[in-house]
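**Student:** The following block contains the structure, expressed as structure tokens.
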Amino acid sequence: MKKPMTLSPCRVCGGGHFTHHDVLWGDLIAQWDLSSSEAQYINVQQGTTCVGCGSNVRSIALADAFLRYHHSTLSLREWVHTPVARTLQTLEINEAGTLSGVLENIPGHRLVHYPEYDMMALNLESNSFDIVLHSDTFEHVSDPVKGLTECRRVLRKGGACVFTVPIIIGRLTKERQGLSASYHGHPACVDESMRVYTEFGADVWCFALSAGFVECRLVSYCYPAGLALIAVA
Ligand SMILES: [Zn+2]
């Protein structure tokens with residue numbers, strides 16, 4: 001299904017053409033208690049993709065925040081070949097969608113995986129990275145503040161954790177503890193790493209500041225579907 005979309009050029013590749021297909025299913029919409037407008041923007045976040053590079057709005061928002069942090073108007077594909085990119089130590093936790101294949105062009109880039117790599121106890125040295133990136137991972141971590149505290153620990157002072165989580169903007173964050181299990185991933189092929197522990201809302205920034213970050217910026221590529229956060233250590 002195609003939907004007409006007015007989006008700024010893709011921040012990953014610079015392309016300007018997008019396609020859309022809905023990705024949410026009935027059970028998840030019911031468990032998440034989404035209104036039709038909320039379901040619509042989450043569908044855009046996850047299911048509207050750039051024809052040029054295949055990035056969805058979520059990945060493009062993450063690239064946009066990353067590039068804004070570096071005050072760059074280049075696309076991510078261009079930026080990774082700049083001199084400043086060669087000086088950075090970057091950590092990606094889980095493949096950040098389609099960004100992974102672009103980020104690996106940064107010489108100091110490292111990719112680790114959750115849950116093999118425990119996000120709440122990272123086996124990594126303190127103060128060793130300039131940037132930590134992750135995309136739609138924290139809703140699956142049982143203690144997101146603990147996970148973000150670990151991200152801050154491995155960052156150098158002034159470094160940034162740039163990330164996305166699905167945010168329902170018109171409500172506050174809800175823990176799913178005590179509720180029926182909800183998973184992101186098709187019912188036929190879910191595993192425990194896809195279990196949702198936290199449904200983030202408008203107070204998402206509190207998690208970053210609770211984890212000891214000194215600044216938290218919310219960046220909008222496409223409001224409210226494409227939001228990303230920059231937490232500065
Ligand atoms: Zn693109």
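**Student:** Give segment 49-77 a look and list any residue that's among the aliphatic types (A, V, I, L, M) and within 12 Å of the ligand (Cβ to nearest atom), or say none.
**Tutor:** Just the residues of segment 49-77 that are among the aliphatic types (A, V, I, L, M), to begin with: 51, 57, 60-63, 65, 67, 74, 76.
Of everything in segment 49-77, those that are among the aliphatic types (A, V, I, L, M) and within 12 Å of the ligand (Cβ to nearest atom) turn out to be Val51, Val57, Ile60, Ala63, Leu76.
**Student:** Another one. Is it true that some residue in segment 158-166 is without any contact (Cβ under 8 Å) to a residue 24 or more places away in the chain and in contact with a helix residue (DSSP H, G or I) (Cβ under 7 Å, 6 or more places away or on another chain)?
**Tutor:** The initial filter retains those residues of segment 158-166 that are without any contact (Cβ under 8 Å) to a residue 24 or more places away in the chain, namely none.
Checked segment 158-166: no residue is without any contact (Cβ under 8 Å) to a residue 24 or more places away in the chain and in contact with a helix residue (DSSP H, G or I) (Cβ under 7 Å, 6 or more places away or on another chain).
**Student:** Does Ala63 satisfy being over 26 Å from Glu139 (Cα atoms) and either buried (at least 16 other Cβ atoms within 10 Å of the Cβ) or at pLDDT 95 or above (or both)? Step through it out loud before you land on a result.
**Tutor:** Values: over 26 Å from Glu139 (Cα atoms): no; either buried (at least 16 other Cβ atoms within 10 Å of the Cβ) or at pLDDT 95 or above (or both): yes.
So Ala63 fails the test.
**Student:** Out of the residues in segment 191-223 that are assigned to a helix (DSSP H, G or I) and at pLDDT 85 or above, state the one that is farthest from Ser8 (Cα to Cα).
**Tutor:** Of the residues in segment 191-223, the ones assigned to a helix (DSSP H, G or I) are 192-194, 204-210.
With the extra rule that they be at pLDDT 85 or above, the set shrinks to 204-210.
Values: Val204: 25, Trp205: 25, Cys206: 29, Phe207: 29, Ala208: 28, Leu209: 30, Ser210: 33 Å.
Selected residue: Ser210.
**Student:** For segment 8-44, name all the residues that are within 16 Å of Ser55 (Cα to Cα), modelled with pLDDT of 95 or more and of a type in the set (A, V, I, L, M, F, W, C).
**Tutor:** Once the filter is applied, which keeps residues that are within 16 Å of Ser55 (Cα to Cα), modelled with pLDDT of 95 or more and of a type in the set (A, V, I, L, M, F, W, C), segment 8-44 yields Cys10, Val12, Cys13, Phe18, Ile42, Val44.
**Student:** A further question follows. Are there any pairs with C-beta distances below 9 angstrom linking a residue in segment 29-42 that is surrounded by 16 or more Cβ atoms within 10 Å (Cβ to Cβ) to a residue that is small (Gly, Ala, Ser) and part of a helix (DSSP H, G or I), with the two at least 6 apart or on different chains, and if so which?
**Tutor:** Close Cβ pairs satisfying both conditions: Ile29/Ser36; Ile29/Ala39; Trp32/Ala39.
**Student:** Let me ask something else. Could you grab me the full set of residues in segment 78-130 that are within 16 Å of the ligand (Cβ to nearest atom) and hydroxyl-bearing (Ser, Thr, Tyr)?
**Tutor:** Of everything in segment 78-130, those that are within 16 Å of the ligand (Cβ to nearest atom) and hydroxyl-bearing (Ser, Thr, Tyr) turn out to be Thr98, Ser100.
**Student:** Determine which member of the set Ser220, Ser182 is polar (S, T, N, Q), within 18 Å of Arg68 (Cα to Cα) and in contact with a strand residue (DSSP E or B) (Cβ under 8 Å, 6 or more places away or on another chain).
**Tutor:** Numbers: Ser182 fails: within 18 Å of Arg68 (Cα to Cα).
Sole residue among the options that is polar (S, T, N, Q), within 18 Å of Arg68 (Cα to Cα) and in contact with a strand residue (DSSP E or B) (Cβ under 8 Å, 6 or more places away or on another chain): Ser220.
**Student:** Oh, and also: Which of the residues belonging to segment 73-103 are under 19 Å from Phe129 (Cβ atoms) and of a type in the set (S, T, N, Q)?
**Tutor:** Thr82, Thr87, Gln89, Thr90, Asn94, Ser100
**Student:** Would you pick out the residues in segment 223-233 that are in contact (Cβ under 8 Å) with a residue 60 or more places away in the chain and surrounded by fewer than 21 Cβ atoms within 10 Å (Cβ to Cβ)? Before you say what the answer is, go through the steps one by one.
**Tutor:** Initially, segment 223-233 is screened for residues in contact (Cβ under 8 Å) with a residue 60 or more places away in the chain, giving 224-233.
Listed by number, the residues that qualify are Pro224, Ile230, Val232.
**Student:** Taking the condition surrounded by 15 or more Cβ atoms within 10 Å (Cβ to Cβ), among the small types (Gly, Ala, Ser) and closer than 30 Å to Thr149 by Cβ, does Ser75 pass?
**Tutor:** Values: surrounded by 15 or more Cβ atoms within 10 Å (Cβ to Cβ): yes; among the small types (Gly, Ala, Ser): yes; closer than 30 Å to Thr149 by Cβ: no.
The answer is no for Ser75.
**Student:** If the requirement is being farther than 21 Å from His134 by Cα and more than 15 Å from the ligand (Cβ to nearest atom), which of these qualifies: Gln46, Gln40? Spell out how you get there, then give the answer.
**Tutor:** Working: Gln46 fails: farther than 21 Å from His134 by Cα.
The conditions single out Gln40.
**Student:** Also: If Ala188 meets every condition in (1) in a loop (DSSP other than H, G, I, E, B); (2) surrounded by fewer than 14 Cβ atoms within 10 Å (Cβ to Cβ) apart from one, which number is that one?
**Tutor:** If we test Ala188 against (1) in a loop (DSSP other than H, G, I, E, B); (2) surrounded by fewer than 14 Cβ atoms within 10 Å (Cβ to Cβ), just (1) comes out false.
**Student:** Continuing with this model, one more query. So which residues in segment 120-171 are over 17 Å from Glu92 (Cβ atoms) and basic (Lys, Arg)?
**Tutor:** Lys146, Lys157, Arg171
**Student:** Sticking with this one: Could you grab me the full set of residues in segment 148-185 that are hydrophobic (A, V, I, L, M, F, W, C), within 17 Å of the chain's Cα centre (by Cα) and surrounded by fewer than 16 Cβ atoms within 10 Å (Cβ to Cβ)? Step through it out loud before you land on a result.
**Tutor:** In the first step, residues of segment 148-185 are kept if they are hydrophobic (A, V, I, L, M, F, W, C); the result is 148, 151, 154-155, 160-163, 165, 167-169, 172, 179, 181.
From the residues that got through so far, the ones that are within 17 Å of the chain's Cα centre (by Cα) too are 148, 151, 160-163, 165, 167-169.
Once the filter is applied, which keeps residues that are hydrophobic (A, V, I, L, M, F, W, C), within 17 Å of the chain's Cα centre (by Cα) and surrounded by fewer than 16 Cβ atoms within 10 Å (Cβ to Cβ), segment 148-185 yields only Ile169.
The values are calculated or read from the model by the stated rules, or taken from the named source; none is laboratory data. Here the structure is a predicted model, which is why all the values come from computation and not from measurement. Virtual Cβ from ideal backbone geometry, glycine too; neighbours counted across all protein chains shown.
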